[in-house]
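The structure appears below as structure tokens.
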Amino acid sequence: MNSGAKNSRHTVCICGNTSFRTVFNYDAPPAGEVAFQFSRDKAYQRQVVCCDVCGHFLSLHDMDEGNLYGDDYVTANYRDQQGIKEAFDRINSLPPEKSDNLGRAERVLAFAENYFAKDRFVQCKPTILDVGSGLCVFLYRMQQRGWTGTAIDVDPRQIEHARSIGVAAVQGSFTEIAEADSYDAVAFNKVLEHFRDPVAMLAHSRKFLEPGGFTYVELPDGEIAQHDGPSREEFFIDHHHVFSAASLAILASRADYVLHSFERLREPSGKYTLRGFLT
């Protein structure tokens, strides 16, 4: 283990390795990072380390996140229900060349058209479950294109918003949902990086898939972002994990998926992103 990565002493990478190098040290929030309640309550000390084997990145700190995704995340980003609606309207009004969401939806639609048999949806619409649906801009677009979407989120304000725009929604923690419908596709759009155990989250999604379905994952690409320095959004405090091409493949394998295809891109917003289709 690199002696500089002192906080990673008992940390295990997604690939099983315990050897890391320190990439960035923070003693204050980087410019642009959302000021969550938990990161304002005590001295800000954080470290980003990189696995020596697979190039996966981990964010290490001792701050207590508490109920971040049940309350603080939405409050800090959007203020309230009106703020959620305003953000949704703003994103949906972006021209195609500036919209991350439009590119995401079109990529999933193109994959599905080539992947599914032509007669699969003769008598029914294709269905998709979006885990950690947030503002629901993705499902709103998918429904405009003929799919039936269901949103899952832990914050009741996000659920109320989803239903207000005509999207079916379930409130709760994804891994604690015992009884589940099944879907032609499951999506994790910039979600898995927010959780300590993304393998368990991803593996749980298999029970929601119809036979022959696929899962779509979208993740921050730390392998490219690291070259732009410590202020990149990919390394903000709400991302426990930041991925490499290798660690995306390992994530899929450990969750008993096959990585069917993947691509890396810089989105219109400037985010470095990995997209993967899992079967």
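The values are calculated or read from the model by the stated rules, or taken from the named source; none is laboratory data. Not measured: the values here are computed from a predicted model. Note that each Cβ is placed from the backbone with ideal geometry, even for glycine, and that neighbours are counted across all protein chains shown.
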Handout entry: Scope segment 201-227; condition in a helix (DSSP H, G or I) and either in contact (Cβ under 8 Å) with a residue 40 or more places away in the chain or at positive phi (or both); matching residues
Key = Met201, Leu202, Ala203, Ser205, Arg206, Phe208, Gly222, Glu223, Ile224, Ala225, Gln226
Exercise for the section: Return yes when Phe20 is closer than 15 Å to Phe235 by Cα, modelled with pLDDT of 95 or more and either charged (D, E, K, R) or surrounded by 16 or more Cβ atoms within 10 Å (Cβ to Cβ) (or both) and no when it is not. Expected result: no
Completion exercise
Of Asp80, Asp52, the only residue that is out of contact with any helix residue (DSSP H, G or I) (no Cβ under 9 Å at 6 or more places or on another chain), farther than 17 Å from His239 by Cβ and of a type outside the set (S, T, N, Q) is Asp52
Completion exercise
Subset of segment 222-249, residues among the polar types (S, T, N, Q) and touching a His at 6+ places or on another chain (Cβ under 9 Å), comes to Ser244, Ser247
Exercise for the section: Taking the residues in segment 42-53 that are over 21 Å from Phe195 (Cβ atoms) and not β-branched (Val, Ile, Thr) as candidates, determine which candidate is surrounded by the fewest Cβ atoms within 10 Å (Cβ to Cβ). Expected result: Ala43
Problem - Residue check, Arg196 under 16 Å from the mean Cα position of the chain (by Cα), more than 26 Å from Asp89 (Cα to Cα) and of a type in the set (D, E, K, R) - result: yes
Completion exercise
Residues of segment 119-153 being more than 17 Å from Leu209 (Cα to Cα), surrounded by fewer than 21 Cβ atoms within 10 Å (Cβ to Cβ) and of a type in the set (A, V, I, L, M, F, W, C), in sequence order, are Val122
Problem - Where a residue in segment 151-176 is free of Cβ contacts under 8 Å to residues at least 12 places away in the same chain and its partner, wherever it lies, is assigned to a helix (DSSP H, G or I), with Cβ under 7 Å and at least six apart - result: none
